[in-house]
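Quick notes on the structure that follows.
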Amino acid sequence: MKNKKNSSTIKKSKKKSHPFWQFFWLTFLVVSLWYAWYSFYAPSNDITWTNDIESAQKLASNSDKNIMIFFTTEWCSPCRIMKRQVFADNEVMKAMDAEVVPVEIDIDDPNNEQLVKQYNIGATPTTIFIDFEGKVISYAVGKVEKTKFLEMLENQ
């Protein structure tokens, strides 16, 4: 009976993974978490956004400025990247303050449904420049880089 082994005394050896793979997966996890945070991080800026198009039209009429409507959503990663790379830039903030009345519209908000239909918004981000009467001057669908955005501001 000495040859008989008790199952509780048998230890299965667990194969330990190579240190390279431990390092690889840890690095992969850290980079993935950083990228997820980076994609959704949008720093605060000094732009005074409104979400009311009627008050923006009155303000634009009184100040002789055009209106910039930024159509976005909470889940839009390119929108957040644009907020981080474009709208948080000091040069852009100063130019926007001097040139336009900024309006930010969440296309998922049911109160904005009529405005989304009016301007035929099908993707985010969409940036539209309009006069105080609502006539479209220029627009861009998708993420706009800083230099292109400043160019759009200049030409509106």
To the nearest Å, what is the center-to-center distance of the stretch 78-101 and the stretch 126-156, using C-alpha atoms only? 12 Å
With a sphere of radius 13 Å drawn around the Cβ of Asp52, what net charge do the other residues whose Cβ falls strictly inside it have (Lys, Arg +1; Asp, Glu -1)? -3
Estimated FRET transfer efficiency when R0 is 22 angstrom, pair Ala140-Glu74 (beta carbons, to 0.05): 0.60
What FRET efficiency comes out for Ser61 versus Trp37 if R0 is 41 angstrom and r is the Cβ-Cβ distance? Round to the nearest 0.05. 0.50
Span-like helices, the chain: DSSP H, alpha-carbon axial extent 18 Å or more, mean Kyte-Doolittle -1.0 or greater, which ones? 19-40
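Would you mind estimating how fast the chain diffuses translationally, via Stokes-Einstein at 25 °C and 0.890 mPa s with the Kirkwood radius over Cα pairs, in µm²/s? Kindly include the intermediate steps, with their values, before the conclusion.
Numbers: Rh = 18.7 Å.
The Stokes-Einstein estimate is 131 µm²/s.
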The aspartates and glutamates whose Cα lies under 14 Å from the Cα of Lys117, excluding any fewer than 8 residues away in the same chain, are Asp106, Asp108, Asp109
As a test, work out the antiparallel percent of DSSP beta bridges whose residues both lie in the chain, rounded to the nearest 5. 55 percent
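Rule-based calculations on the coordinates, nothing more; no lab input. What you see is a predicted model, and the numbers here were worked out from it, not measured in a lab. All Cβ positions, even for glycine, are placed from backbone atoms using ideal geometry, and neighbour counts span all protein chains on display.
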